[in-house]
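For reference, the structure discussed in these notes is given below.
The values are calculated or read from the model by the stated rules, or taken from the named source; none is laboratory data. None of these values were measured; they are calculated from a predicted model. All Cβ positions, glycine included, derive from the backbone under ideal geometry; neighbour counts span all protein chains shown. Just the protein is used for accessible areas: all its heavy atoms, side chains included, with ligands, DNA and RNA removed. Shrake-Rupley method; radii C 1.70, N 1.55, O 1.52, S 1.80 Å.
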Amino acid sequence: MRVKVMRPIFKPDAEGTGFVLYPYHIFHLRLFYRRLGMKDRVFDYFAYVDLYRLGAERGDGFMELEEWEVDEKNVMEPLVDYEEARKKAFESAITWGNSRVVSWWLPRVEVVRHERAYRVFWIFEKNGKKFIMDSLDGKEFALEDLIRG
């Protein structure tokens with residue numbers, strides 16, 4: 001199976017490292033605000049929508065993506081479809097934009113680019129314990145601590 005992944009920044013040094021791919025939908029949105037008596041405003045907004053928990057995060061740009069050939073058992077299935085993700089991205093963008101602009105109207109929102117991509121979580125062993133590492137921020141968590149809750 002061929003998928004796009006967010007280019008990993010961190011990878012553990014351990015031998016025999018595995019991974020799981022966590023689903024996101026990335027949107028580059030453009031917001032157009034009309035304003036009375038003032039110049040109209042245009043903003044670019046980058047939304048990273050979690051397709052498992054339906055949360056949205058704002059990004060500074062469209063993250064660099066790589067194509068990987070992977071076994072489908074390493075890929076988590078999304079629980080959210082494209083339309084729900086798009087609505088969440090729009091909601092997040094409008095909330096962010098409205099905190100920056102005074103306008104009588106909601107903005108017109110245009111999708112400039114969108115991609116389904118996966119975030120890499122590395123699974124590895126260190127000192128006889130299994131760990132999981134986020135490939136974007138390098139944070140490590142003991143697997144047994146996550147399972148216990």
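Quick notes on this one:
- Portion, in percent, of the accessible area of the chain that falls on carbon or sulfur, probe 1.4 Å: 49
- Dipole of the chain computed with +1 at Lys/Arg Cβ and -1 at Asp/Glu Cβ about the Cα centre; of LEU106, VAL49, SER135, farthest Cα towards the positive end is LEU106.
- When each of LYS87/LYS129; LYS87/LYS126; LYS88/LYS126; LYS39/LYS88 is checked by Cα-Cα distance, pairs over 32 Å: LYS87/LYS129; LYS87/LYS126; LYS88/LYS126
- Percent of Cα-Cα distances greater than 15 Å, calculated over region 1-68: 67
- Under-5 Å amide H pairs with VAL80, H placed in peptide plane, nonlocal only: none
- Per residue, the solvent-accessible area of the chain (1.4 Å probe, heavy atoms of protein chains only, all protein chains present) comes to 62 Å².
- Normalised by the number of residues in region 1-87, the average gap of Cα pairs under 8 Å and 6 or more apart makes the relative contact order 37 percent.
- All lysines inside 17 Å of LYS4 as judged from Cα atoms, apart from same-chain residues fewer than 8 positions distant: LYS73
- The relative contact order of the chain comes to 37 percent, based on Cα pairs under 8 Å that sit 6 or more residues apart.
- Neighbour count of at most 15 Cβ within 10 Å plus DSSP loop: longest chymotrypsin sites (Phe, Trp or Tyr not before Pro)-free window in the chain: 53-103
- Net charge of the neighbourhood of GLU91, taken over other residues with C-beta under 14 Å away and scored Lys/Arg +1, Asp/Glu -1, is 0.
- Estimated dipole of the chain in Debye, rounded to 20 [Cβ of Lys and Arg +1, of Asp and Glu -1, Cα centre]: 860
- With coordinates expressed along the principal axes, the C-alpha atoms belonging to the chain extend over 66, 30, 24 Å, beginning with the largest.
- Region 83-149, dipole about Cα centre (Lys/Arg Cβ +1, Asp/Glu Cβ -1), debye to the nearest 20: 120
- Loop GluC sites (Glu not before Pro), region 1-96 (other Cβ atoms within 10 Å of the site Cβ: 16 or fewer; DSSP): GLU15, GLU64
- GNM result for the chain, Cα springs below 10 Å: residue of ARG58, ARG35, ARG119 fluctuating most strongly: ARG35
- log10 of Debye I(q)/I(0), alpha-carbon scatterers only, for region 89-149 at 0.17 Å⁻¹: -0.73
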